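The values are calculated or read from the model by the stated rules, or taken from the named source; none is laboratory data. This structure is a prediction, so every number in the text was calculated from the model and none was measured. Using ideal geometry, Cβ is built from the backbone for each residue, glycine included, and neighbour counts are taken over all protein chains shown.
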Amino acid sequence: MTLALALYQPDIAQNAGTLARTSACFGLSLHIIEPAGFPVGDAGFRRAGMDYLDRAAITRHASFTAFEAWRVHERRRLVLCTTRGAVAYTALAYLPDDVLLLGRESAGVPEPVHAVADARIAIPLAEGARSLNVALAGAMILGEALRQTGGFGGGLITDRPAPRA
């Protein structure tokens, strides 16, 4: 098993598409917990995901209850990324099969979701700042989790031209 990203009832198609592309680029699965605030697969989602959506391993869950049943069955730890987290995202020791859950852009996640999370992490922000864009926050946290768990693999992408000196 490898790390996975999960989106709780995402509001913005472009953010979900960006995270689908991110997941595809790192060979991870993306779990979308419905209902989404847009038709999954709409133009904004496709535009942000680009041609990577064909490579993305996306699983849609009809509800948080359905997602939670899958997660418990798979015996995976739920790491909630939240502005209310008590632990800095860089301080958590990630496991290779963690599921990183990002909340709704407009409202985060409800209390029952907080209650079942195994860990709650936050990105420390400057005084007065409320939150980052969810796709950016997800990428930062995923990068740290991949770094800690050796998930980058160490190989370089070789199907693109080398930069010119």
Notebook entry, point to check: Looking at the stretch 56-65, is at least one residue under 23 Å from GLU111 (Cα atoms), among the aromatic types (Phe, Trp, Tyr), touching a helix residue (DSSP H, G or I) at 6+ places or on another chain (Cβ under 9 Å) and at pLDDT 75 or above?
Noted result: yes
Next item on the list: Check the stretch 83-94 and report whether any residue there is within 13 Å of TYR8 (Cα to Cα) and touching a helix residue (DSSP H, G or I) at 6+ places or on another chain (Cβ under 7 Å).
Entry: no
Notebook entry, point to check: Of (1) crowded, with 16+ Cβ neighbours inside 10 Å; (2) in contact (Cβ under 8 Å) with a residue 60 or more places away in the chain, GLU68 satisfies all except one. Which?
Noted result: (2)
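Quick one: which residue in VAL79, VAL99, VAL113, VAL134 is closer than 25 Å to GLN14 by Cβ and touching a Pro at 6+ places or on another chain (Cβ under 8 Å)?
Selected residue: VAL134, the only one of VAL79, VAL99, VAL113, VAL134 that is closer than 25 Å to GLN14 by Cβ and touching a Pro at 6+ places or on another chain (Cβ under 8 Å).
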Note to self: Looking at the stretch 62-108 only, could you name the residues that are hydroxyl-bearing (Ser, Thr, Tyr) and over 19 Å from VAL134 (Cα atoms)?
What the structure shows: SER63, THR65, TYR94
Next item on the list: Return the only residue of ILE58, ILE33 being surrounded by 15 or more Cβ atoms within 10 Å (Cβ to Cβ) and farther than 15 Å from GLY103 by Cα.
Entry: ILE58
Note to self: Among the residues of the stretch 95-121, what is the count of those that are more than 14 Å from the chain's Cα centre (by Cα) and modelled with pLDDT under 95?
What the structure shows: 2
Check: Is the stretch 71-89 home to any residue that is modelled with pLDDT under 95, small (Gly, Ala, Ser) and farther than 17 Å from THR149 by Cβ?
Finding: yes
Note to self: Residues that are in contact with a strand residue (DSSP E or B) (Cβ under 7 Å, 6 or more places away or on another chain), part of a helix (DSSP H, G or I) and either among the polar types (S, T, N, Q) or modelled with pLDDT of 95 or more (or both): does the stretch 33-42 have at least one?
What the structure shows: no
Next item on the list: Of the numbered conditions (1) modelled with pLDDT of 95 or more; (2) surrounded by 13 or more Cβ atoms within 10 Å (Cβ to Cβ), PRO124 fails exactly one; give the number of that condition.
Entry: (2)
Next item on the list: From the list ARG84, ARG147, ARG120, ARG71, pick out the single residue that is touching a strand residue (DSSP E or B) at 6+ places or on another chain (Cβ under 8 Å), within 17 Å of LEU28 (Cα to Cα) and among the charged types (D, E, K, R).
Entry: ARG71
